[in-house]
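Encoded as structure tokens, the structure appears first; notes follow it.
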Amino acid sequence: MLNRVSAIGVILITGLIFSPATFAQISQRSELGFGIGTFTYTGDLSRTYNFVNSRPAATAFYRANISKVISFKTALTGGKLAASDKRAPIDAFARQRDASFNIFLLEGSATFEYHFLDWRDDKRRLRFTPYLFAGIGLFGISGVQAKPAEYSNMQVGIPFGGGMKYVLNPKWYIAFELGIRKTFFDYLDNISDEDPAFKNYQYGNKYDYDNYFFTGISITRTFYDIPCATNPYR
């Protein structure tokens, strides 16, 4: 079942990236960017966002501007995910369980961004805009003791969140972004459902999927394409 979900995610992302509508917009304005930040995990070892669990991450991306307020972005983001019951146990059972994990995660995503302000208008002095984004992603993990009968190391996620962009000059701008990756997967920390009757403290909540956040700052280079002249008499 999970392999089928992963295959569907690959098809959806490929369709978004290579759709005719996307290619039609590339000639308008294209952008390339790079960012650094952190991955932060939430799951059976950490129920809420905790900066103590943040680890380094980086991203590279391509963006096509569809209109003044909507953009389409494809990104490759990678980094570490980690947490430990020793550092911030959520309860006495977690302290006794003494579990931990440290993995590498690589994510490919396709998202749409909506900008609230017309920040690209040269006639206005507005140089910033808040924005929201949402889309679909596919991520792979390494560094865990996989259980092939139970799950695949490649999974589908739903990235969404928001941020703020600021124009430095017509070709360059910076952005701060905070986004969550909603997953349908409970083994980022390699802990899920075990039989609590044995009281071995190794079980988690199988109905509560693991998620992760990316928080970062990026810099983007904008490329302006000059349209070719056409013959008006054709």
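The values are calculated or read from the model by the stated rules, or taken from the named source; none is laboratory data. Worth saying up front: this structure is predicted, and the values here are computed from it rather than measured. We place every Cβ from the backbone using ideal geometry, glycine too, and count neighbours over all the protein chains shown.
Exactly one residue out of L81, L76 is surrounded by fewer than 17 Cβ atoms within 10 Å (Cβ to Cβ) and within 14 Å of the chain's Cα centre (by Cα), and it is L76. In this structure, A94 does not satisfy being at pLDDT below 95, surrounded by 15 or more Cβ atoms within 10 Å (Cβ to Cβ) and touching a Phe, Trp or Tyr at 6+ places or on another chain (Cβ under 7 Å).
Return yes or no: is N53 crowded, with 16+ Cβ neighbours inside 10 Å, at pLDDT below 95, among the polar types (S, T, N, Q) and over 16 Å from the mean Cα position of the chain (by Cα)? Answer is yes for this residue. When only residues in segment 185-234 that are in contact with a Phe, Trp or Tyr (Cβ under 9 Å, 6 or more places away or on another chain) and of a type in the set (D, E) count, which is modelled with the lowest pLDDT? The extreme case among them is D195. Every condition in (1) aromatic (F, W, Y); (2) in contact (Cβ under 8 Å) with a residue 40 or more places away in the chain; (3) out of contact with any Pro (no Cβ under 8 Å at 6 or more places or on another chain); (4) under 20 Å from N169 (Cα atoms) holds for Y62 except the one numbered (2). For segment 151-164, the condition of being farther than 21 Å from A58 by Cα and without any contact (Cβ under 8 Å) to a residue 60 or more places away in the chain holds for none of the residues.
Residue count for segment 67-88, restricted to those that are closer than 27 Å to R29 by Cβ and part of a loop (DSSP other than H, G, I, E, B): 3.
Is it true that S71 is buried (at least 18 other Cβ atoms within 10 Å of the Cβ), out of contact with any helix residue (DSSP H, G or I) (no Cβ under 8 Å at 6 or more places or on another chain) and at pLDDT 55 or above? Considered against the rule, which asks whether it is buried (at least 18 other Cβ atoms within 10 Å of the Cβ), out of contact with any helix residue (DSSP H, G or I) (no Cβ under 8 Å at 6 or more places or on another chain) and at pLDDT 55 or above, S71 comes out as yes.
Under the condition of being touching a Leu at 6+ places or on another chain (Cβ under 6 Å) and modelled with pLDDT of 90 or more, the residues counted in segment 1-50 number 2.
Once segment 152-181 is narrowed to residues that are surrounded by 20 or more Cβ atoms within 10 Å (Cβ to Cβ) and of a type outside the set (S, T, N, Q), the residue that is nearest to L81 (Cα to Cα) is R181. Taken as a whole, segment 142-153 holds no residue that is modelled with pLDDT of 90 or more and either out of contact with any strand residue (DSSP E or B) (no Cβ under 9 Å at 6 or more places or on another chain) or among the small types (G, A, S) (or both).
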